[in-house]
Amino acid sequence: MTVLTAIAEGREGDHALTAGIAEARLLGTDLVLVNLRLSALDRSGVPDDLRTTVVERSGPGDRDPVDAVLDEIEARPDVDRLVIGLRRRSPVGKALLGSVSQRLLLESPVPVVAVKPPV
């Protein structure tokens, strides 16, 4: 059993990281972090006693972030939960623009825990 967490840019990614750590601790399982940021992931907030794997992308041209997350889930059959951060968006923004989070919610083969950062 493994919890996979997609770490996006900004507060949403930070909140997803915190929620992913909590979820892995709650389930007593391993944690896989897929870094969707342009910079290396700061692992200082990840506890040393938690078995963690970090998957880094090589940059924005690497591949579609959704494909990166879904490929990682497919490559790891033990993943049984995905944690993502959501951005607050207006109803018009939701209707006109697609988002990584929305696509992951719709296309993930495993249950998704979606968290919003506090206001």
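Go through V113, N35, T52 and say which Cα lies farthest out towards the positive end of the charge dipole of the chain; charges sit on Cβ, +1 for Lys and Arg, -1 for Asp and Glu.
Value: V113.
Order 45-56, 80-91 from most to least packed using the mean count of other Cβ atoms within 10 Å.
Going by the mean number of other Cβ atoms within 10 Å, highest first, we get 80-91, 45-56.
Between V34 and residues 5 or more places away or on another chain, which pairs have amide H atoms under 5 Å apart, with H built 1.01 Å from N, and which residues are they?
Amide H neighbours of V34, under 5 Å, 5+ apart: T5, A6, I7, V55.
Relative to the first principal axis of the alpha-carbon coordinates of the chain, what is the inclination of helix 65-75, with its axis defined by its Cα atoms, in degrees from 0 to 90 and to the nearest 10?
Helix 65-75 sits at roughly 40 degrees to that axis.
What does the C-alpha gyration tensor say about the overall shape of the chain? Classify as rounded when a/c is under 1.5, otherwise prolate if a/b is larger than b/c, or oblate. Intermediate values should be presented prior to the final figure.
On the way: a/c = 1.44, a/b = 1.37, b/c = 1.05.
Rounded, since a/c falls under 1.5.
Could you give the size of the charge dipole of the chain about its Cα centre, using +1 on the Cβ of each K and R and -1 on the Cβ of each D and E, expressed in debye and rounded to the nearest 20? List each step's numbers first, then the result.
Details: 15 positive and 18 negative charges, 124 e Å.
Here the size comes out at about 600 debye.
Could you provide, to the nearest whole Å², the per residue accessible area of the chain with probe 1.4 Å? Could the numbers behind the result be given before it?
Numbers: 6670 Å² over 119 residues.
Here the residues of the chain average 56 Å² of exposed surface.
Let me check I've understood the local charge: for A8, count other residues with C-beta under 9 angstrom from its C-beta, Lys and Arg +1, Asp and Glu -1. What total comes out? Intermediate values should be presented prior to the final figure.
On the way: positive: R37, R87; negative: E9, E12.
Taking every Cβ under 9 Å from that of A8, the sum is 0.
Choose one of A22, L4, L70: the residue whose Cα lies farthest towards the positive end of the charge dipole of the stretch 1-82 (beta-carbon charges +1 Lys, Arg; -1 Asp, Glu; about the Cα centre).
Positive-end residue among those listed: A22.
Report, to the nearest 10°, how far helix 10-27 tilts away from the longest principal axis of the Cα atoms in the chain, using its own Cα long axis and a range of 0 to 90°.
Between helix and principal axis, roughly 40 degrees.
Return the calculated 222 nm mean residue ellipticity for the chain, to the nearest 500 deg cm²/dmol, obtained by summing -39500 (n - 2.57) across DSSP H runs with n ≥ 4 and dividing by the residue count.
Details: 4 runs with 43 residues, N = 119.
After summing the helix terms and dividing by residue count, I get -11000 deg cm²/dmol.
Per the 1.4 Å probe, what fraction of the accessible area of the stretch 1-72, in percent, lies on carbon and sulfur atoms?
Details: 1740 of 3540 Å².
Of all accessible area on the stretch 1-72, carbon and sulfur atoms account for 49 percent.
Using θ = phi - 60° and the Karplus form 6.51 cos²θ - 1.76 cosθ + 1.60, what ³J(HN,Hα) does each residue of the stretch 77-89 get, whole Hz, x for Gly and Pro?
Values per residue, Gly and Pro as x: x, 7, 6, 10, 7, 10, 10, 9, x, 10, 9, 6, 9 Hz.
The values are calculated or read from the model by the stated rules, or taken from the named source; none is laboratory data. Model, not experiment: these values are computed from the prediction. In this analysis, Cβ positions are derived from the backbone assuming ideal geometry, glycine residues included, and neighbour counts consider all displayed protein chains. Accessible surface is based on the protein model in full, side chains and every heavy atom, while ligands, DNA and RNA are left aside. Shrake-Rupley method; radii C 1.70, N 1.55, O 1.52, S 1.80 Å.
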